[in-house]
Amino acid sequence: MRFIIRRLLQSLIVVFGVSIIAFGMLFMTGDPTEILLGNGADHMTVAQIQDFRVKMGFDRPWYVQYASFVGKAVQGDFGYSFVRHEPAYEVIMDKMPATIQLASVAFVLSLLVSIPLGVLSAMRPHKPIDRIATVLALIGQSIPSFWLGILLILLFGVQLKWLPISGSGSWQHIIMPAITLAAFPIARNMRLTRSSMLDFMQRDFVRTARAKGISETRVVYAHVLRNSLLPLVTSIGLEAGFLLGGSVITETIFGWPGVGREIVSAIGSKDFNVVQAGVIMLALIFAGVNLIIDLAYSWIDPRIRYDT
Amino acid sequence: MTSLDQSPENGVAPTSEGPAAPPQQVVEHSKKSQLLSRLFRSKAATISLIILLLVLVAAVAAPWLAPNDPSAIKLIQRLKPPLYVNGAGTHWLGTDSLGRDVLSRIIYGARVSLTVGVSAVAISGTIGLLVGLLSGYFGGLVDDVFMRICDIQLSFPTIMLALTIMAVLGSGLDKLILVLGLTGWVQYGRIVRSQVISIKNDEFVLAARATGERQWQMLFQQILPNIWSPVIVIGSFTIATNIVAEASLSFLGVGVPPNVPSWGTMLADGRQYIGVADWLTIPAGIAISLTVLAINILGDWLRDYLDPRLKNIL
Amino acid sequence: MKNEVLVRVKDLKMHFPIRAGVLNRVVGAVKAVDGVTFDILKGETLGLVGESGCGKTTAGRAILHLYRPTAGEVAFRGVDLAKESPEYVRRARRHMQMIFQDPYASLNPQMRVGEIIGRPLRVHGLVKDAQEEKHLVTELMQKVGLNTSYRDRYPHEFSGGQRQRIGIARALATSPDFIVCDEAISALDVSIQAQIINLLEQLRDDLGLTYLFIAHDLGMVRYISTRVGVMYLGKMMELTSSDELYDDPLHPYTKALLSAIPIPDPPLERQRQRMLLEGDLPSPSNPPAGCRFSSRCPLATEHCRAVEPKFREVTTRHWVACHLV
């Protein structure tokens, strides 16, 4: 119970911090009016600029502005999109399903590939299959996602013409973005599974199980794997953050109509209400996923509740 | 290890009797020559070192190595294929959509990558080291605030944070370095903090206090020398992360300005002509992947060399 | 021996808070040292013995103000350190040093021997240049029997006994009057223990040092100490000259401890009446009511379990805390 309360408090602090960052970004260079108007300010009179400032409420003290920003944000009001001419919140929420769809597919893909590969590696350490998997993991962790995306487009889109290079609509469209997004988690989870398995194989209870004459397959699946997957569960929380953050690049490369691409194009058109709404909504989802995972984890593994 | 005993305690083996025997045993008088001879025993690490040295030479000697001015625009020469495609022409790796020489831009791109990678680490490393040391050593309010910052940072992908800030500030090499430095210190600080906590209660720190050392002497002269290994190892990995971040942000158009030759901006340009001119993307992609891969391999190797126990945390 | 008091410990308490819950409230305390009183005379060696967990190490550290005592007074040469500023205490450390139990953990693995020994000199501004420091370090190394050519080696290159010599040289660097030897020989091989004891004894006689010698090995303590105090669960049980303690122990706990020492004489060993302690050491966060030892004492009465005995002088210079004496 204590753990749950503390964990909820932590989430609240996180949400507060995110709101400060999103709110503060307009003040980073001093005057938000300047940022919003951009070059347009050159064609306006001083009085017009001042009018705009008052209309936006930028003449009030920052804490009043922050309070009204938060007050509106909790009702889903992030202001108006200057480009799309609809509420920023709706612009973002329209794109949210596509982002969640891509992240989910990438997530499932990363588990489906990384765990079996990690298990295979750990069962035959330093044999060819392990070496190949290790090299692949190293490459997967080093190759920047936008370059991987472009490589996939060059190979499967341009050369082989098997898959559409951009957009969404059919199941073929999601294949390359999902692989691109999943590459890094696959590499990391594979290394994690492998080292965790190797670690558990040395433990006494596994040796005992072997000594009792249980078949090697059963030892691996019933004793080692089950325990080795626990550290993987905690890293899933961080992975959610990676998938949401990585969506910015992946969606841009493949023209995937999600929140990440919307944020990038809103940045290009200086449509900052949309940027704020997008950043906050992604952070909220991430904080929520993390909260659920932590609570679930504390339920699976009682030890965690007594830590820190 | 040689036995130094001349006193009557000769029978005692000086090795392997205490848990405190540090893994840094290898790091000794002949530190540097040993480091290199150990490195050359690993083929992957040797190749990585060579790649990195090449990148470094390219970055430092770019004005002498580059066949052309990387920013010289010649629209007549635009999108000329590289030599390896048709064996004709004067541009080894072809030209881009504005007629600029791709090879020269790749060479100058090394400069941008390394500058950003190393300078941002210098910033985040300094801040992270200081905050981690203070927060781990003194605990209290500093530590509480720092831990909350860590919570927030963990829930906010660094790339998103850098992206939003750069969006507002506008592109620029100096701003990019500053933003990556200021967003990257938290992870640094977390690891330093955990290292400090794990050794601040060691008896040698208490012993230093007992002899009358001041707090700052214990922190900087007793504890700090014992955590250099993780600091160096994270530093090397962070250089790679920063190089990718620079390229990613430049790719998205908020990193360095489009005219600056960066591997990220080159890929962004090349993406427009992906079906027409693959020489705009392939060299830049290979350059960045090889550089990052080489740094990561060397980082792995350095970690195993300095302190294999770090495997569990890095 | 003059009876000048060097260190006066009065009702010293060292409690460590136990925190729990969301708000990290203090829910209890480990009473590691719970009111001990004794003097350490100039030039003497006071032995402090007891089982592990009895609070003797904590007492030693609190006396040196490595922990800020919860209550009570530790006066060094008549000055109560608890009332002085941290900077005053830090400067005072010049005169009171410590030798640690674990010669592996107490030396910084990243420092050369010469620096480990020379640092206290620099920290307290006792040398004006590197030349002088080098000279003094050489002297110190000779004093403790270390080959001076090892100055640039790292601690891991030495054996346990030699590391302990490094620790001793470090403690001697500032020419202190008082040294707390915290289980300084427990981690060493038996053959080396004697050498280190001899070294400590010789240094004491040559330099006029005063020791607080903390140990659990009663044999060694008897050999080196002038007086010996016995601690149990944070309290002093008995304190007297070492000969009297071993020949005529008064407290049942002391008797039990002494009867656990094997006698190297089989016939005598066989006929000896052993006094065995039953049960485990109670938790120092929740000690028994009345006499602390009552839960394990074979002689305990109802009175013992209800009223805590006073620590009183039973015969001349022989202090005991027991109702039955």
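The numbers here are math on the coordinates, done by the rules we state, and not lab data. Nothing here was measured: the structure is a model prediction, and the numbers come from that model. Here the Cβ is made from the backbone with ideal geometry for all residues, glycine too, and neighbour counts use every protein chain on show.
Give the angle, between 0 and 90 degrees and rounded to the nearest 10, that separates the Cα long axis of helix A:259-268 from the longest principal axis of the Cα atoms of chain A. Once rounded, one gets 40 degrees. Rounded to the nearest 500, the 222 nm mean residue ellipticity of the protein assembly as shown from helices alone is -18000 deg cm²/dmol, with -39,500 (n - 2.57) taken per DSSP H run of at least 4 residues. Mind grabbing the base-10 log of I(q)/I(0) for segment C:209-323 at q = 0.18 Å⁻¹? Debye formula, identical points on the C-alpha positions, no solvent, two decimal places. Evaluating at q = 0.18 Å⁻¹ gives log10 I(q)/I(0) of -1.01. Spatially, segment B:212-251 and segment A:198-250 are offset by 30 Å when compared through their Cα centroids.
Tally Lys/Arg at +1 and Asp/Glu at -1 over every other residue whose Cβ is under 14 Å from the Cβ of residue A:203; what's the total? Summing Lys and Arg as +1 and Asp and Glu as -1 gives +1. Residues whose amide H lies under 5 Å from that of residue B:74, counting only those 5 or more places away or on a different chain, are B:99, B:100; hydrogens are built 1.01 Å from N in the peptide plane. Using the Cβ-Cβ distance between residue B:69 and residue A:86 with R0 set to 45 Å, the FRET efficiency from 1/(1 + (r/R0)^6) comes to roughly 0.45. Legend: calculated FRET efficiency, residue A:16 to residue A:161, from the Cβ-Cβ distance at R0 = 56 Å, rounded to 0.05, equals 0.65.
Take each residue in A:131-141, count the other chain C-beta atoms within 10 Å of its C-beta, and the mean is 1. Listed by chain and number, the aspartates and glutamates whose alpha-carbon sits under 19 Å from that of residue B:43, ignoring those within fewer than 8 places in the same chain, are A:130, B:300, B:304.
Normalised by 2.2 N^0.38 Å, where N is the number of residues, the C-alpha radius of gyration of segment B:112-310 stands at 1.19.
Once the protein assembly as shown is represented by equal point scatterers at the alpha-carbon sites, with solvent omitted, what log10 I(q)/I(0) does the Debye formula produce at q = 0.04, 0.11 Å⁻¹? Those come out to -0.27, -1.34, one per q. Taking the Cα atoms of segment B:203-314, the ratio Rg/Rh between the radius of gyration and the Kirkwood radius comes to 1.25. Of all DSSP beta bridges confined to the protein assembly as shown, the antiparallel ones make up roughly 65%. Footprinting exposure proxy ranking of A:285, A:5, fewest other C-beta atoms within 10 angstrom first, gives A:5, A:285. Compactness check for segment A:37-166: Cα Rg over 2.2 N^0.38 Å is 1.79.
Each Lys and Arg contributes +1 and each Asp and Glu -1, all at the Cβ; summed about the Cα centre of the protein assembly as shown, the dipole is approximately 900 debye. A Förster radius of 22 Å combined with the Cβ-Cβ distance from residue C:190 to residue C:260 puts the calculated FRET efficiency at roughly 0.80. Fewest-first ordering of A:201, C:275 by other beta carbons within 10 Å of each residue's beta carbon gives C:275, A:201. Pairs over the 28 Å Cα-Cα cut-off, from the set C:10/C:143; A:72/A:270; A:95/B:80: C:10/C:143; A:95/B:80. Need one number: the % of Cα-Cα pairs in chain A sitting beyond the 33 Å mark. In whole percent, the share of Cα-Cα pairs in chain A beyond 33 Å is 41.
Here each label is just a point 7 Å from Cα along the line to Cβ, and for residue A:234 and residue A:269 those points are 4.4 nm apart. So how far, in whole Å, is the C-alpha centre of segment B:41-88 from the one of segment C:136-163? Answer, in whole Å: 55. A straight line joining the Cα centroids of segment B:97-168 and segment A:141-185 runs 28 Å. Averaged over peptide C:89-98, the number of partner chain Cβ atoms lying within 10 Å of each residue's Cβ comes to 3. With a 10 Å cut-off around each Cβ of B:253-261, the average count of Cβ atoms from other chains is 1. When the pairs C:56/C:310; C:42/C:128; A:127/A:161; C:42/C:83; C:13/C:83 are compared against a 24 Å limit on Cα-Cα distance, C:42/C:128; A:127/A:161 fall above it.
Maximal additional length on extending the residue C:274-residue C:80 stretch stands at 65.5 nm, based on 0.36 nm per residue less the C-alpha distance.
Charging the Cβ of each Asp and Glu at -1 and of each Lys and Arg at +1, and nothing else, the dipole of segment C:5-320 about its Cα centre rounds to 920 debye. Label-to-label distance, residue C:149 versus residue B:34, with points set 7 angstrom from Cα along the beta-carbon direction: 2.0 nm. The charge dipole of chain B, taken about its Cα centre with unit charges on the Cβ of Lys, Arg, Asp and Glu (plus for the first two, minus for the last two), comes to roughly 720 debye. As a proxy for reagent exposure, B:74, A:161 were ordered by neighbouring Cβ count within 10 angstrom, fewest first; the result is A:161, B:74. Between residue A:202 and residue A:5, the modelled label-to-label distance comes to 4.1 nm, taking each label 7 Å out from Cα in the direction of the beta carbon.
In terms of overall dimensions, the C-alpha atoms belonging to chain C reach 68, 60, 44 Å along their principal axes, ordered largest to smallest.
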